[in-house]
Amino acid sequence: MNDTKRLWILLGTVILTTLMILGWFGHELYRQVPPIPLKVATPTGEVLMTKADILKGQQAWQSMGGQQVGSIWGHGAYQAPDWSADWLHREAVALRDLLSEQTYGNSFAALSDGRQAEIGQRVRSEMRRNTFDPQTGILTLSPARVAAIAQTAAHYQALFGDDPSLSKLRDAYALQSPALPEKSRRTAISDFFFWTAWAATTQRNGTTVTYTNNWPHEPLVGNQATPASLVWSMVSIALLLVGVGALVWYKLFWDRQEAPPSPAETDPLDRIEITPSMRAATKYAFTVIALFVVQVLLGGLTAHYTVEGNSFFGIPLAKIIPYAVSRTWHIQLAVFWIATAFLATGLFLAPAVGGREPKFQRLGVNVLFGALLLVVAGSLAGEWLSIQQVFSLDSGFWFGLQGYEYVDLGRFWQILLFIGLVLWLTLMLRGLWPALKAPGHRRQLVLLFAGSSAAIGLFYGAGFFYGAKTHLTIMEYWRWWVVHLWVEGFFEVFATAALAFIFTRLGLVRSLSATRAVLFSSAIYLFGGIPGTFHHLYFSGTPISIMAVGATFSALEVVPLALIGFEAWETYSTSRMVDWMEKYRWPIRFFMGVAFWNLVGAGVFGFLINPPIALYYMQGLNTTPVHAHAALFGVYGLLALGLTLLVLRRLYPYGVWREGPLRLAFWCMNGGLVLMIGLSLLPIGLMQTWASIEHGLWYARSAEFLQQPIMETLRWLRMIGDTVFLVGVGALAYFVIGLITGWSYQKKEINREASLDSIAKEQPV
């Protein structure tokens, strides 16, 4: 313990300090959220809408898909508009035309340049002026603005209904008809959109910037990037360079690791007894592949809807699976199959690490599997029913969908999933307990493994701190506690600890070296990762302090990724020293892929959109899915698949694997991801960025821009990458099925019938 005491103190200090930062500035966020008026009224006292109407509109938005249909404040899907930016532009244009007619009796386009400038200034002053009275809770609007709001609301009430004049626009948005059959919901969602746009264009009292820090870029109302966006962007770039330089210096001059041990002549994992609960984890591994296949097919369907709107090569498939459903399922299943892979790895490793099988462990594994299937099936069905407007608004949030990306599943299913994670954590700790009591450096490694498992299970509970009517800014704060702290925090530590244990058992790394590496890398990950949560919240109704903290720490998230490939290559080189390591070649290749995409997807593409000045123009554009696909699949997807293959290698230890399908799967999935990004997502995202800078975000997300021939061509080109990727997924599924049938083994190396008989006898019922 003395050899690692300083690193333990460092890790503990990092976790405590960064969580305090997250909590302290979260308190400031609560204090400075954009107000929701009790009433929106005219100067004569006529009430246009109430707080209850706005919150009902928020629920109506959730019920039809929420962030899976367009976006709000830049968070959500990319096919339909950002509703905040779209409303803002439409209202500004309507107000401009009304003021032109009232003042000069002519349309705005017919006015002279001087008069246009005068009207433009009046529009900016009218829309940026804060007329909300915090004492009474009443927002008072001028008659001209009331008329502009009514005109804008009429457009959305027709759009979310079945007005035939907007059928072409609905098709461009991949929006089903009608999205909201009930008129009261259409009226309420218009009220909600107005409020989000009002917060985006109204200046905070005592400042010259809006509640969303002048986002979105909209010249008509004077929304321009703030000086703070530029200053904190420069700070983040400087910190990135300092951090990378410091890490390289540490690696070259201070990191004096022991020489790797000489690998054993035989596979050390062969000495691990496969217990009943470890065998019971087999069904999890196959479920990972099954969910992965379905998730990828849904991704292809969702991508196709961006071209044909509501059809699949002319087939009106959207009548059964509309875009909102396919995208919801695509994202939700990605979370499910990656999380299932982590669950399977933990359940498989726990008895191996602990050295014994706890009583009733297999029963617990089987019960957890049943609960997992219930949550997956129930939540997907509930999401479909909600988008079909079957539920009431309140019951839809509980049993349908919440409408927020990555935590879409209804609150009831979310509670069941949390209970399942607690059960998984209990099973993990029961299996690990003997190793936690044993002395030595291996105990510290197990403690890290157990601690990260606890964080994965418990931090999901942050999703319970908001409800259907919670203020949107507060909801985003807690949502990113779940999403960001899972993905860019504790999953990273769990994966590092799991791989360290595996490589230690394989004899590729010494226990002390592995413990030091995990402690040090975890401290670096979490130092930037925990406060870096705020980089998702720059423009979500938060104060400038959130931007400062987020920009400062999120730059440091990239730092450890600079050298992660070096360590992966060292481990891979060591693994080639003995013949028996050949059977782990492809799981380790997948881990190498993780190192590549960690740097490119999480590092390069992540930092591309992280600085505030970049995100100001890029938030809600296709530059975000570039990062999301490269990081989520490239890092966590490949890691999950690598861990699954490693588990299957131990559960099916007979003979030599046929490597052809795995080779094809690995290179097609990685190559397909490169083509998907390079041929489609990145060019579209960069062209949108140019349009956002030149004209405003509304234009970059508009049907007018996205339905241009060149943009449609770029979306069609995605089929090349998607097809290559699907070939890889098919090859992987073929190989995994072949572990049961026997076609994934080299026949000359095994007695196939005898081996399959042995496998069948060992598998759980």
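At-a-glance table
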item: C-alpha long axis of helix 411-437 to longest principal axis of the chain, angle in °; result: 30
item: For peptides 70-83, 390-403, 102-115, 310-323, sequence by mean Cβ density within 10 Å, most packed first; result: 70-83, 390-403, 310-323, 102-115
item: Relative intensity, log₁₀ I(q)/I(0), of region 106-203 from a Debye sum that treats every alpha carbon as a point, q = 0.13, 0.15, 0.16 Å⁻¹; result: -0.64, -0.80, -0.87
item: Theoretical FRET efficiency, 1/(1+(r/R0)^6), r = Cβ-Cβ of Asp162 and Trp716, R0 25 Å, to 0.05; result: 0.30
item: Paramagnetic reach from Trp580 (point 7 Å along Cα→Cβ, amide N under 19 Å) across region 273-313; result: 273-275
item: Highest average packing first - 11-24, 46-59, Cβ atoms within 10 Å; result: 46-59, 11-24
item: Net length gained if the chain between Trp667 and Thr723 were fully extended (0.36 nm per residue, minus Cα distance); result: 18.9 nm
item: Alpha-carbon centroid distance for the pair region 494-525 / region 88-156, whole angstrom; result: 61
item: Degrees, to the nearest 10: 51-63 long Cα axis against longest axis of the chain; result: 50
item: Residues whose placed amide H lies under 5 Å from that of Ala281, excluding near-sequence neighbours; result: none
item: Expected 222 nm ellipticity per residue - DSSP helices of 4 or more, -39500 (n - 2.57), all of the chain, to 500; result: -21500 deg cm²/dmol
item: Separation of the Leu16 and Ser311 label points, Cα + 7 Å toward Cβ, nm; result: 6.4
item: Whole-number D in µm²/s for region 278-322 (Stokes-Einstein; Kirkwood sum over Cα pairs; 10 °C, 1.306 mPa s); result: 131
item: Percent carbon-and-sulfur accessible area, the chain, ignoring ligands, DNA and RNA, probe 1.4 Å; result: 66
item: Two-site label geometry, Phe465 and Glu659: point separation in nm, points 7 Å out along Cα→Cβ; result: 4.8
item: For region 370-377, Karplus couplings with θ = phi - 60° (6.51, -1.76, 1.60), whole Hz, Gly/Pro x; result: x, 5, 4, 4, 4, 5, 4, 5
item: The chain: relative contact order in percent, alpha carbon pairs under 8 Å with at least 6 residues between; result: 17
item: Among Ala144, Thr4, Ala154 - extreme Cα towards positive end, dipole of the chain, charges at beta-carbon; result: Thr4
item: Cα-Cα P(r), region 702-745, percent of pairs per 5 Å interval; result: 5, 20, 14, 12, 11, 10, 8, 7, 6, 5, 2
item: Gain upon complete extension [Thr42, Glu101; 0.36 nm per residue less C-alpha separation]; result: 19.2 nm
item: Quotient of C-alpha Rg and 2.2 N^0.38 Å, computed over region 390-473; result: 1.47
item: With Cα atoms, 0 to 90° folded angle of helix 660-676 axis to the chain main axis; result: 20
item: Debye-sum result for region 305-367 in log10 I(q)/I(0), which assumes one identical scatterer on each alpha carbon, at q = 0.15, 0.16, 0.22 Å⁻¹; result: -0.63, -0.66, -0.90
item: Calculated FRET efficiency for the pair Thr266/Ile740, C-beta based, R₀ 22 Å, to 0.05; result: 0.25
item: Cβ-defined net charge surrounding Phe369, 12 Å radius [Lys, Arg +1; Asp, Glu -1]; result: +2
item: Whole-Hz ³J(HN,Hα) from phi, Karplus 6.51 cos²θ - 1.76 cosθ + 1.60, for region 381-393, glycine and proline x; result: 5, x, 5, 5, 5, 5, 5, 7, 6, 7, 7, 6, 5
item: Antiparallel DSSP beta bridges within the chain, as percent of all bridges there, nearest 5; result: 75
item: Proximal charge balance of Trp433 [Cβ under 13 Å; K/R count +1, D/E count -1]; result: +4
item: Violating pairs (Cα-Cα greater than 20 angstrom) within the set Lys51/Lys183; Lys56/Lys319; Lys39/Lys469; Lys56/Lys168; Lys359/Lys583; Lys319/Lys469; result: Lys56/Lys319; Lys56/Lys168; Lys359/Lys583; Lys319/Lys469
item: P(r) tail fraction, region 653-702 - alpha-carbon pairs more than 13 Å apart, %; result: 69
item: Cα-derived Rg to Rh of the chain, Kirkwood definition; result: 0.99
item: Charge tally in the Cβ shell below 11 Å around Ile54, where Lys, Arg are +1 and Asp, Glu are -1, Ile54 excluded; result: +2
item: Net lengthening on full extension, Ala52/Ala246 (0.36 nm per residue, minus Cα-Cα); result: 64.6 nm
item: Asn223 long-range amide H proximity, modeled H, under 5 Å; result: Glu218
item: 5 angstrom amide H check on Leu48, placed H, neighbours 5+ away; result: Val40, Ala41, Thr42
item: Karplus-derived 3J(HN,Hα), 6.51/-1.76/1.60, for each residue of region 327-335, Hz, glycine and proline x; result: 6, 4, 5, 4, 6, 5, 5, 4, 4
item: Label point at Ile138 placed 7 Å out along Cα→Cβ; residues across region 13-39 whose backbone nitrogen lies under 16 Å; result: 37-39
item: Heavy-atom accessible area per residue - the chain, 1.4 Å, Å²; result: 37
item: Residues of region 209-228 with amide N under 17 Å of a point placed 7 Å along Cα→Cβ from Gln121; result: 220-223
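The values are calculated or read from the model by the stated rules, or taken from the named source; none is laboratory data. Bear in mind that the values here come from a model prediction, so they are computed numbers and not experimental data. All Cβ positions, even for glycine, are placed from backbone atoms using ideal geometry, and neighbour counts span all protein chains on display. We work out accessible area using only protein heavy atoms, side chains counted, and drop any ligands, DNA or RNA first. Shrake-Rupley method; radii C 1.70, N 1.55, O 1.52, S 1.80 Å.
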